[in-house]
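Throughout, read-outs are computed from the coordinates displayed, never taken from laboratory work. Here the structure is a predicted model, which means the values were calculated and not measured. A quick note on method: Cβ atoms are made from the backbone with ideal geometry, for glycine too, and the neighbour counts reach across all protein chains shown.
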Amino acid sequence: MCLITFAYRSHPEYSLILLANRDEFYQRPTRAMNFWQEDPNILAGQDLEQGGTWLGLNKAGKFTTVTNYRNGRERRDGLRSRGHLTRDYLTGDTNATDYLATLTAEQQRYGAFNLLLGDQQGLHYLSNRSNAQPQRLGAGVYGLSNALLDSPWPKLQKVKQGLKAALHASELSTQSLIDIMLDPTEADTHQLPDTGISAAWEKSLSACFIRIPEYGTRATTLLMQKPDGSTYIREQNFDAQGEGPCHEYQLDLPPIGISQE
């Protein structure tokens, strides 16, 4: 993923509401969110180039998503794919705390990442571009893009504000939530971060919803989970021509953070 905002334990009906945009080159082969043939317990999109995923969950109640940490000045070869972080968590039996404890020792072997992991014990964050240890998140509204958690990039602030407003609306509709992520407006030049890429790319990537000839937002995902584990997922796909198929799922899962009750 490249842009995520989520409300954790911050709404009277839903214990988790998460919105995410995955931005990628259109030519990169991808399988849309579905139950995996090789592991029917996993519901996730799949990167067919590396075999990992950018966002997914399983029937045991595990949830995970990952973004890259953008630094155009850093060039390192031979690193493991970030998508394996999420895939290995979903396919394994290890809980989030133990998985992160193991990962901490070898996190620099992966491309620069921001990782969210959820299970019945809670929701956790780790980046290998921070000196901090894994962080268990408390109640609140958060945002994550291609820098550390809650870095004040213009598009991140925009989607966080949109989600906060939606939480206080009289009616919480799925389409109004999805619409938060579909704004194609680019940030003003003076607001752009400096991540070591060209000014033109920095400008294009500053939009919440990206669409340029070879690269753009490939999927927008909405996840809504109630405290009893009732979970709704909607993924709208996009390609170079525009809007593609939409997939919806309704699941009953062990809820994230149930042990914190």
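Of the cross-linked pairs K164/K226; K158/K226; K160/K203; K59/K164; K59/K160, those separated by over 22 Å at the C-alpha level are K158/K226; K59/K164; K59/K160. From the P(r) of the stretch 79-167, could you give the percentage of C-alpha pairs in the tail past 23 Å? Of the Cα pairs, 27 percent sit more than 23 Å apart. Evaluated over the Cα positions of the stretch 126-228, the convex hull gives a direction-averaged projected area, one quarter of its surface, of 8.7 nm². Applying a DSSP loop filter and a limit of 14 other Cβ atoms within 10 Å to the GluC sites (Glu not before Pro) in the stretch 193-251 leaves E214. For the chain, the membrane-span-like helix rule (DSSP H, alpha carbon extent of at least 18 Å along the helix axis, mean Kyte-Doolittle at least -1.0) picks out 154-167; this says nothing about an actual membrane. A simple spin-label model places the labels of A139 and E248 3.0 nm from each other, with each point 7 Å out along Cα-to-Cβ. Cut-off 10 angstrom, C-alpha nodes, Gaussian network model of the chain. Which of L90, L182, L163 fluctuates the most? Highest fluctuation among the options: L182.
Quickly work out the A240-to-F35 label distance, labels modelled 7 Å from Cα along the C-beta direction, and quote it in nm with one decimal. So the label points at F35 and A240 sit 3.4 nm apart. Residues of the stretch 46-66 falling in the label zone of A132, defined by backbone nitrogen less than 18 Å from a point 7 Å along Cα to beta-carbon, are 65-66. For the stretch 52-184, relative contact order (Cα pairs under 8 Å, six or more residues apart, normalised by length) works out to 21 percent. Taking a ≥ b ≥ c as the square roots of the eigenvalues of the Cα gyration tensor of the stretch 22-181, is the shape rounded (a/c under 1.5), prolate (a/b larger than b/c) or oblate? Note, shape of the stretch 22-181 comes out rounded.
Take every Cα pair under 8 Å whose residues are at least 6 apart in sequence, average their separation, divide by the length of the chain, and the relative contact order is 24 percent.
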